[in-house]
Amino acid sequence: MSQDDDRFANVLMKALEDKNLEGFDYLEFKQSVAKMEEIGMDHDTAIRAAFGTGSTVGLTLEKLIKTAKYYTEVLQDEKSKFMNSMEKHLMSNVEGKAKETGELKKKIANWEAKIEQLQAEVAKAKAKIESSDTLINSAKEKASMNQQGFDDALKVITAAIQEDVVDITRVLG
């Protein structure tokens with residue numbers, strides 16, 4: 001993942017931590033599986049061992065699947081928040097600059113109708129329009145890259161959860 005993707009993944013992981021349910025559930029299960037794999041345990045055995053540990057404190061297969069789905073919903077809520085934030089950002093940056101550019105074009109038409117003394121102001125305004133167009137294009141590109149980065153991070157994390165659910169169901173179901 002790119003640096004932006006890492007940033008988005010960190011935001012998503014923080015959201016999961018912030019919405020962490022009480023007790024041993026999918027997140028603690030996932031952490032337990034990862035720790036066991038770090039010490040060399042194979043994936044299926046790690047799943048069984050983590051589930052065994054969790055079951056001593058009330059974890060059931062139903063609770064495990066239900067909480068995995070809950071965390072997927074938390075991620076979808078984060079996507080909604082991200083999309084709203086990005087839309088506000090575009091509205092304030094892109095549309096504001098587009099309006100400003102339109103207004104400047106009208107001023108330029110008026111200035112060009114005047115005598116030579118206004119020539120300097122016309123050139124200055126044209127330069128500002130070019131700058132605004134560059135900012136608009138840059139903002140659109142950044143928004144597109146952020147959308148892609150977020151979607152990539154969301155896809156990776158969601159796919160991992162779905163793969164865990166398949167493994168859990170296969171191994172424990």
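Quick test of your reading of the structure: GLU87 fulfils all but one of (1) under 32 Å from the mean Cα position of the chain (by Cα); (2) acidic (Asp, Glu); (3) exposed (fewer than 11 other Cβ atoms within 10 Å of the Cβ). Name the failing condition by number.
(3)
Being more than 24 Å from the chain's Cα centre (by Cα), part of a helix (DSSP H, G or I) and in contact (Cβ under 8 Å) with a residue 12 or more places away in the chain is the requirement here; does LYS79 meet it?
So LYS79 does not fit the description; no.
Which of the residues belonging to segment 98-122 are among the aliphatic types (A, V, I, L, M) and either exposed (fewer than 12 other Cβ atoms within 10 Å of the Cβ) or not in a helix (DSSP H, G or I) (or both)?
Listed by number, the residues that qualify are ALA109, ALA113, ILE115, ALA120.
Which members of segment 49-67 meet the condition of being surrounded by 13 or more Cβ atoms within 10 Å (Cβ to Cβ) and either out of contact with any helix residue (DSSP H, G or I) (no Cβ under 8 Å at 6 or more places or on another chain) or in a loop (DSSP other than H, G, I, E, B) (or both)?
If the condition is that a residue be surrounded by 13 or more Cβ atoms within 10 Å (Cβ to Cβ) and either out of contact with any helix residue (DSSP H, G or I) (no Cβ under 8 Å at 6 or more places or on another chain) or in a loop (DSSP other than H, G, I, E, B) (or both), then SER55, LEU59, LYS63, LYS66 are the ones that fit.
Can you tell me which of (1) over 21 Å from PHE8 (Cβ atoms); (2) hydroxyl-bearing (Ser, Thr, Tyr); (3) surrounded by 12 or more Cβ atoms within 10 Å (Cβ to Cβ) is the one TYR70 doesn't meet?
If we test TYR70 against (1) over 21 Å from PHE8 (Cβ atoms); (2) hydroxyl-bearing (Ser, Thr, Tyr); (3) surrounded by 12 or more Cβ atoms within 10 Å (Cβ to Cβ), just (1) comes out false.
I need a count of the residues in segment 122-164 that are without any contact (Cβ under 8 Å) to a residue 40 or more places away in the chain, out of contact with any Lys or Arg (no Cβ under 8 Å at 6 or more places or on another chain), within 25 Å of GLY96 (Cα to Cα) and not basic (Lys, Arg).
Number satisfying all stated conditions: 12.
Working carefully through the options LEU16, LEU27, LEU61, LEU90, find the one that is among the aliphatic types (A, V, I, L, M) and closer than 20 Å to GLN148 by Cβ.
LEU90
Do we have ALA127 as small (Gly, Ala, Ser), over 31 Å from the mean Cα position of the chain (by Cα) and surrounded by fewer than 11 Cβ atoms within 10 Å (Cβ to Cβ) here?
Judged against the criteria, ALA127 is a match.
Looking for whichever is surrounded by 12 or more Cβ atoms within 10 Å (Cβ to Cβ) and part of a helix (DSSP H, G or I) here; the options are SER132, SER144, SER92. Which one fits?
SER132
For PHE24, state whether it is aromatic (Phe, Trp, Tyr), buried (at least 16 other Cβ atoms within 10 Å of the Cβ), part of a helix (DSSP H, G or I) and out of contact with any Pro (no Cβ under 9 Å at 6 or more places or on another chain).
Answer is no for this residue.
Each value in this text was obtained by applying a stated rule to the coordinates, not by laboratory testing. Here the structure is a predicted model, which means the values were calculated and not measured. Note: ideal-geometry Cβ built from the backbone for every residue, glycine included; neighbour counts use all protein chains shown.
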